[in-house]
Amino acid sequence: MTQFSVGISQKFPRGDSLALAKQQKQQIAAQQPMLRQDREARVEATVSQLWLEATRAQLSVERIERDRSLFEQLADVAEVSYASAFGMTRQDDVIRAQLELTRLEDRLTDLRQQQEAVERQLSEWLGSEAIMPVVADFPGLELEEPKLFTAVERPNRQAWYERVRYHPAVLAVDKSIDAMEIGVDAARQQYKPEWGVSAQYGYREDDPMGGSRADLFSVGVTFDLPIFTENRQDKRVAAAASRYESAQYQRESLIRELIARLETNWAKLSRLDERLALYGNRLLPELSEQAEASLNAYNNDDGDFAEAVRARIDETNASVELIGLKAQRLKVISDINYLLSQGTSSR
């Protein structure tokens with residue numbers, strides 16, 4: 001006697017589980033453009049910082065190279081004066097001049113090493129373009145939103161918040177929050193019933209006596225309604241809600257971090273502007289005047305050689321320090337511009 005049966009069954013997801021799962025995946029996928037924009041902004045800031053550091057080293061080398069010729073002249077004058085026993089030059093003056101030249105050489109070597117190290121780092125991002133061209137000054141770099149930094153005493157935190165909330169990193173977290181919120185709704189669908197349908201067909205041969213037997217066909221409906229939810233559904237909803245709250249906290253924490261960095265950079269920028277004004281308007285002119293006066297006094301046998309050398313060294317150090325301050329200021333601006341980056345999507 002031959003018989004066989006075949007059947008099919010289909011279950012339908014609880015509530016809107018299928019649609020919610022699709023929406024959640026869409027929100028997770030929507031994170032990627034925001035994360036890509038944040039990476040691009042980070043790379044731009046990193047390359048800018050490295051380029052500024054390489055420029056600082058290069059300009060410092062050029063400045064010291066210019067001043068080295070002056071020290072070489074001082075050393076030659078001191079040596080000739082000492083050899084001819086003319087004037088007030090002593091042996092220790094000659095030694096002092098040579099010592100300062102040696103120190104300049106060491107400083108130049110260190111700066112060149114710094115420049116080469118930064119260029120190697122730049123090559124990781126720019127390839128052959130990382131080779132620094134000869135530059136006369138730092139590249140132009142301005143604040144993207146200078147109006148947010150016009151307050152003298154206190155920054156406008158609310159304006160910063162309104163700007164930072166559209167930072168690509170924050171927008172990426174926003175998409176994560178949306179996905180977690182949908183996840184909570186999806187978990188709640190587990191409380192709803194699950195439906196299922198089935199159909200089965202059975203074939204039967206005739207009986208041994210030759211009598212025909214009817215085939216079988218059945219249709220069924222299944223219905224699953226959760227009753228005891230403590231061990232399963234409740235825990236799933238609680239876990240989804242916890243992930244949602246964690247994402248919200250991550251967003252607020254990120255915004256606080258970005259605003260704190262803005263405040264720090266705002267304070268740095270203010271102090272750097274003060275120092276740059278002091279160097280440009282007072283310190284460098286005064287040191288230049290002092291160096292010139294000390295050298296004239298020495299040439300007229302009315303001053304000390306060590307004082308003339310020391311004054312020239314102070315002027316050189318201040319000039320190199322000014323270059324460093326300019327680099328620091330532009331680095332701060334670069335970091336601020338990253339913090340003020342804007343994504344192309346909103347919640």
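Quick rundown of the values:
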{"read-out": "Which numbered condition VAL197 fails, given (1) surrounded by 14 or more Cβ atoms within 10 Å (Cβ to Cβ); (2) within 23 Å of GLY15 (Cβ to Cβ); (3) at pLDDT 80 or above", "value": "(1)"}
{"read-out": "Which listed residue, of GLU257, GLU321, GLU274, GLU289, is out of contact with any Phe, Trp or Tyr (no Cβ under 9 Å at 6 or more places or on another chain), within 29 Å of GLN98 (Cα to Cα) and modelled with pLDDT of 90 or more", "value": "GLU289"}
{"read-out": "Of all residues in region 24-47 being surrounded by 15 or more Cβ atoms within 10 Å (Cβ to Cβ) and not hydrophobic (A, V, I, L, M, F, W, C), the one that is farthest from the chain's Cα centre (by Cα)", "value": "GLN24"}
{"read-out": "ALA240 vs. criteria farther than 30 Å from LEU339 by Cβ, of a type in the set (A, V, I, L, M, F, W, C) and either in a helix (DSSP H, G or I) or without any contact (Cβ under 8 Å) to a residue 40 or more places away in the chain (or both)", "value": "yes"}
{"read-out": "Selection status of ARG251, part of a helix (DSSP H, G or I), surrounded by 14 or more Cβ atoms within 10 Å (Cβ to Cβ) and touching a residue at least 24 places away in the same chain (Cβ under 8 Å)", "value": "yes"}
{"read-out": "Residue match in region 143-150 (condition: more than 23 Å from the chain's Cα centre (by Cα), surrounded by fewer than 14 Cβ atoms within 10 Å (Cβ to Cβ) and modelled with pLDDT under 80)", "value": "yes"}
{"read-out": "Of all residues in region 156-184 being under 17 Å from the mean Cα position of the chain (by Cα) and part of a loop (DSSP other than H, G, I, E, B), the one that is surrounded by the most Cβ atoms within 10 Å (Cβ to Cβ)", "value": "HIS167"}
{"read-out": "Count of region 9-22 residues which are touching a residue at least 60 places away in the same chain (Cβ under 8 Å), surrounded by fewer than 16 Cβ atoms within 10 Å (Cβ to Cβ) and part of a helix (DSSP H, G or I)", "value": "1"}
{"read-out": "Subset tally (residues that are within 19 Å of GLU142 (Cβ to Cβ) and in contact with a helix residue (DSSP H, G or I) (Cβ under 7 Å, 6 or more places away or on another chain)) for region 276-300", "value": "1"}
{"read-out": "Count of residues meeting criterion [touching a Lys or Arg at 6+ places or on another chain (Cβ under 7 Å) and hydrophobic (A, V, I, L, M, F, W, C)] in region 306-338", "value": "7"}
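The values are calculated or read from the model by the stated rules, or taken from the named source; none is laboratory data. Note that the structure is a prediction, hence the values are computed from the model and not measured. As a convention, Cβ positions derive from the backbone with ideal geometry for all residues, glycine included, and neighbour counts pool all protein chains shown.
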